[in-house]
Each structure stands twice: as C-alpha cells, then as structure tokens.
1. Going by C-beta contacts inside 10 Å, put 184, 99 in order with the fewest on the left.
2. To make sure I understand, if each residue's beta carbon is the centre and we count other beta carbons within 10 Å, what order do 215, 42 fall in, fewest to most?
3. For Rg and Dmax of the Cα atoms in Å, the choices are [x] 17.4, 52; [y] 20.6, 65; [z] 18.4, 66; which was calculated from the structure?
4. Between segment 101-121 and segment 147-211, what is the C-alpha centre distance in whole Å?
5. Among 239, 222, 124, which comes first, then next, by fewest other beta-carbon atoms within 10 Å?
C-alpha cells in the first residue's frame, strides 16, 4: 500500500513526463542576438549549426559564406566571459546551467578534434566532471560512429531511437531526438490524433526506459503545439520562439 501511494505521488509530482520541462533553442545563431536571448530566457539547450571552413569552426545553417561568424565569437568567448564574471558559474543563479548543442554539418572527424582543442583551453567552463555548473557540449547532426563516442572526452551525444547502445556508450547519450514528421503530420491545431499520439508515446517511453529525456524536431512550433507535446510526454520542446515557449509552458 505504501509503495503504491509513493508511486502515485511521484506520478503526480512529475507531471506528464519524467523530467522537468526543458527548452531547446533551435537555430539560435539565426536570431538577432545569438546566444544572448536564449541565455536570458534560461534555455536549457542552445543550438549552433557548425561547419569547418578553412580550418576554422563557423556557424551557419547552409554552406557558409566567407564571412560567416565563428563558433568562438558567437558562443565560446561569451560563455567563458560569463564564467569569469560569475565565479566559475554561467550565471549568478545557483542552479542554472545549460547545454551547448553543436549540430555538425560536415566532416565530424575533422570538426571534433578542433572543437575538443578549443574546449580543453577552458575546462572550468566545459568539463562537468570537474565543475557541476559547467556547460555540457552535446554533438548532434553528423555524428561519428557510435563505436567512437567513447573516444571523445568532454562531449556527449544526441541519440536516436533507432540506435542501440551498450551500457557504457549509453552514458555518453545526453538525450534522444527524432523527426516529429516521421510519426505525425499533425499541424498543431486541436489535439494530436490518437493514433499519432500513441506512436509518440511509444518512442518516448523507450527513451525513458533508458533514463533519457526526449526531443522531437520539426514540430508545430506554436503554443498549442508545445502544450500538446508536453501532454504527450515530450521532455524537451524544440523551438525557434524561445521567449514565447518559456512563457507558455513553464
């Protein structure tokens, strides 16, 4: 009886999902104030699409132009500056930190060593093993082979429902993500159709069975879309409208 009551209380206290609701700032670099707006809104995941251009990591959605901004200028330096200002924390708030999601667009085998060399210069900022408030860097997009995940210290990876991980590799997975359109063509109006919702819940349940939060990309990016996906159990809301999503679901 006591165990049943405890499980009921846990279900009520955690809401629809297993995890506190998170915000993923999709394509953050395209916004008028890259990084700054997502940071001010306390986004949990901040995404940058990264290319290797002439030996330098640059940020761009499509193939970059010669004057594309660098990852260092838009993200690394501002993050380091925050840690210097806030006594080795990203914020004066005691509990706030975030993940920097690097969506690699080309040549992961060449991008990752350059990225690691950069991060290694600022271990207080990017090594959660040494500093619990450090920014976790998560690799998405064109990732290396699963068997190579363990070769990259400091980094975690954006997993996929179709992939199988052994116990050690699973510890390198920060979240599980997939394309919403692989499960539903719902346009964000009204409720998610029941058959589609059942598909969503099944894939989310598999991620939760591995103790991983779940994110869909290509969702209906509207207030009703966010709320319906939250009800379906989605842990991380992928949005181009960070301020509006924060207001709607937190």
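What follows is calculated from the coordinates using simple rules that are stated; it is not laboratory data. Predicted, not measured: the structure shown is a model, and the values here were computed from it. All Cβ positions, even for glycine, are placed from backbone atoms using ideal geometry, and neighbour counts span all protein chains on display.
1. Ranked by crowding around the Cβ, least crowded first: 184, 99.
2. 42, 215
3. [z]
4. Cα centroid of segment 101-121 versus Cα centroid of segment 147-211: 23 Å apart.
5. Ascending Cβ contact count within 10 Å gives the list 124, 222, 239.
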